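Read through the structure below, which is laid out as structure tokens, and then see the notes.
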Amino acid sequence: MTHGRIWQIDMARSLALLGMAAFHLVFDLQFFGLVPPGTSTSGVFYWHARIVAGSFLFLAGLALWLGHGQGIRWPAFAARLARVLGAAALVTVATYIAMPDWFVFFGILHCIAAASLLGLLFLRLPWLVICASGAAVMAASYWLPELVQLNTPALRWLGLHTVPTPSVDFEPLVPWFGPFLLGLGVAKALHPVWQRLAARPAPRNRLLRALCWPGRHSLAIYLLHQPVLMGLVWLWVSLRGL
């Protein structure tokens, strides 16, 4: 466990949030017909979405080690898990109301919650084993689904299915538990570094502090940014039609 916030990690979260907002803006423009259909799921945006999702899972794995690597603090872990699960449930309900055919039943927040629970089993393993396990999960996504073919809807969150699964945000455990384990393994390998960084004071530079602010409130921004972006695009479309 480290003491004190590490501003570099807050900055990394802020960058991940910026990437997420950029992707969702493209999605919203596509939703309102301002860019061609399929723009958000093809070309550079296909990889953009996966890099952003992977960065969030990596940072979540890193945070698990920083918070509980020296001993699981159960009250803090349970409180954070409850917040993530509550936010995930809110996303599920909201998207089911807005788009029932494409609602989010196992998105990035659901995956982070599940990965956090499973990650507890890896905390005591050597960092090389943790990283190798993460790489194995990612590699398995290329062949394991064809082998087991768990296409039952209730099991698709495992990522071992071979049929398309309609959802605007679907991050199954295979392969997305992989980046989480990589973040956990890297955090454990660099544990002395985090101790030194946590002991340093927060930056006094106002710009740096402002850039770190989103990363300190990533869950709230995750929940609010898309309604705001979609509302702004809708307003733009409505004003253009006047």
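The values are calculated or read from the model by the stated rules, or taken from the named source; none is laboratory data. Please read all numbers here as calculations on a predicted model, not as lab measurements. Virtual Cβ from ideal backbone geometry, glycine too; neighbours counted across all protein chains shown. Calculation scope for accessible area: heavy atoms of the full protein, side chains included, ligands and nucleic acids excluded. Shrake-Rupley method; radii C 1.70, N 1.55, O 1.52, S 1.80 Å.
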Notebook entry, point to check: Restricting the first residue to the range 182-195 and requiring it to be over 14 Å from LEU125 (Cα atoms), which pairs with a second residue that is assigned to a helix (DSSP H, G or I) and at pLDDT below 95 meet a Cβ separation below 8 Å and a spacing of at least six or different chains?
Noted result: none
Next item on the list: Would you mind stating whether TRP176 is among the aromatic types (Phe, Trp, Tyr), over 13 Å from the mean Cα position of the chain (by Cα) and surrounded by 13 or more Cβ atoms within 10 Å (Cβ to Cβ)?
Entry: no
Note to self: Can you list residue pairs whose Cβ atoms sit under 9 Å apart, with the first residue in the range 37-53 being under 24 Å from ALA12 (Cβ atoms) and the second being among the polar types (S, T, N, Q) and open to solvent by 60 Å² or more (accessible area, probe 1.4 Å)? Count only pairs 6 or more apart in sequence or on different chains.
What the structure shows: ALA49/THR41
Next item on the list: Could you grab me the full set of residues in the range 186-209 that are modelled with pLDDT under 95, open to solvent by less than 100 Å² (accessible area, probe 1.4 Å) and part of a helix (DSSP H, G or I)?
Entry: HIS191, PRO192, VAL193, TRP194, GLN195, LEU197, ALA198, ALA199, LEU208
Notebook entry, point to check: Mind checking whether some residue in the range 153-168 is within 17 Å of the chain's Cα centre (by Cα), touching a residue at least 40 places away in the same chain (Cβ under 8 Å) and in a loop (DSSP other than H, G, I, E, B)?
Noted result: yes
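Condition check ((1) of a type in the set (Ser, Thr, Tyr); (2) in contact with a helix residue (DSSP H, G or I) (Cβ under 8 Å, 6 or more places away or on another chain); (3) open to solvent by less than 60 Å² (accessible area, probe 1.4 Å)) across all residues:
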{"position": "GLY4", "(1), (2), (3)": "no, yes, yes"}
{"position": "LEU17", "(1), (2), (3)": "no, yes, yes"}
{"position": "GLY43", "(1), (2), (3)": "no, no, yes"}
{"position": "SER55", "(1), (2), (3)": "yes, yes, yes"}
{"position": "PHE58", "(1), (2), (3)": "no, yes, no"}
Next item on the list: Collect the residues in the range 19-41 that are under 15 Å from TYR222 (Cβ atoms) and in contact with a helix residue (DSSP H, G or I) (Cβ under 6 Å, 6 or more places away or on another chain), keeping them in residue-number order.
Entry: GLY19, MET20, ALA21, PHE23, HIS24, LEU25, PHE27
Checklist line | helices (runs of 4 or more DSSP H) wholly inside the range 1-112 that include at least 2 residues being of a type in the set (Phe, Trp, Tyr) and under 13 Å from the mean Cα position of the chain (by Cα) | finding: 43-68
Margin query: Just the residues that are in contact (Cβ under 8 Å) with a residue 24 or more places away in the chain and open to solvent by 90 Å² or more (accessible area, probe 1.4 Å), please, taken from the range 86-106.
Written below: LEU90, ASP101, TRP102
Check: Is it true that ALA139 is of a type in the set (Gly, Ala, Ser), open to solvent by 30 Å² or more (accessible area, probe 1.4 Å) and either assigned to a helix (DSSP H, G or I) or touching a residue at least 24 places away in the same chain (Cβ under 8 Å) (or both)?
Finding: yes
